[in-house]
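The values are calculated or read from the model by the stated rules, or taken from the named source; none is laboratory data. Since the structure is predicted, the reported quantities are computational estimates derived from the model, not experimental observations. Reconstructed Cβ throughout: ideal geometry from the backbone, glycine too, with neighbour counts over all protein chains shown.
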Amino acid sequence: MSMRIVVFLVCLFKLLSIAYSEALSLTAEQQTRLEAIAKNLEVIAKEPELIAAVKEANAQLGGPSKPNQEMIQEVWKTLSVRDPKVRKYSENVTAKWLKSKVKAQSISEAFVSARDGTKVAFLEKTTNWNHTGKPKHEVPMKGKPWRGVPELDESSGHWQIQLSFPVLEGPNSIGSIVFGVPIGAFN
């Protein structure tokens, strides 16, 4: 396939994604349902087990092994979901705890980030290793929840809206947790 065709197809996909996203503007009823889902998910961000896991991850950031700082995006995107470096975060104690918390909810993805935006745990491998600089992490790091727009998520393959919340220790935000809510969950 020639480069022009590839560029054309990529641009076409982006335009269609934007058009579909615009078409997915939420009705008042859908807004109400999404807000109810958000309230249920926000409770998870306040759970002592999650706070402890993020505190522990943050404590390791400055340590001699600096486990999260060894990974970079270029390497992350080449890793298989079965790679031990990925499974370290999808099969750890916090990931198992997170799975138990969202099992009864309609969630397409969930991941927890330390203060530096690197991962603590997730349900499935995320598209990005580090979310520093992205509103889904930066807004919660200021102590506020964040809501994205309808989008086709690369890692889950679902049309969803992401909701993220601060993980707080007292009044201080120490990390973030992001949930992907499939569009069908509030239709």
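For every residue, the table says whether it meets (1) of a type in the set (G, A, S); (2) surrounded by fewer than 16 Cβ atoms within 10 Å (Cβ to Cβ); (3) farther than 20 Å from N40 by Cβ.
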| residue | (1), (2), (3) |
| --- | --- |
| W76 | no, no, yes |
| K88 | no, yes, yes |
| L98 | no, no, no |
| R115 | no, no, yes |
| L123 | no, no, no |
| K136 | no, no, no |
| P140 | no, no, no |
| W146 | no, no, no |
| V149 | no, yes, yes |
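Within the set G170, G184, G143, G180, the sole residue that is of a type outside the set (F, W, Y) and within 22 Å of Q73 (Cβ to Cβ) turns out to be G180.
List every residue pair whose Cβ atoms sit under 6 Å apart, with the two residues 6 or more apart in sequence or on different chains, where the first one lies in segment 61-80 and is of a type in the set (F, W, Y) and in a helix (DSSP H, G or I) and the second, anywhere, is surrounded by 14 or more Cβ atoms within 10 Å (Cβ to Cβ) and at pLDDT 60 or above. From segment 61-80, the pairs are W76/W129.
The rows are residues; the columns are (1) within 16 Å of A185 (Cα to Cα); (2) modelled with pLDDT of 60 or more.
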site	(1), (2)
L12	no, no
L16	no, no
A28	yes, yes
R33	yes, yes
E47	no, yes
A53	no, yes
E56	no, yes
Q60	no, yes
P67	no, no
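Of these, S156, S100, which one is touching a strand residue (DSSP E or B) at 6+ places or on another chain (Cβ under 6 Å) and either over 20 Å from W76 (Cβ atoms) or at pLDDT below 95 (or both)?
So the residue among S156, S100 that is touching a strand residue (DSSP E or B) at 6+ places or on another chain (Cβ under 6 Å) and either over 20 Å from W76 (Cβ atoms) or at pLDDT below 95 (or both) is S156.
Within segment 103-142, track down each residue that is hydrophobic (A, V, I, L, M, F, W, C), under 15 Å from V54 (Cα atoms) and part of a loop (DSSP other than H, G, I, E, B).
At the first step, the residues of segment 103-142 found to be hydrophobic (A, V, I, L, M, F, W, C) are 104, 107, 110-112, 114, 120-123, 129, 139, 141.
Next, from what is left, pick out any that are under 15 Å from V54 (Cα atoms): 110-112, 114, 120-122, 141.
Residue satisfying the conditions is A114 alone.
Among residues that are among the polar types (S, T, N, Q) and either farther than 25 Å from T32 by Cβ or part of a strand (DSSP E or B) (or both), S164 is included.
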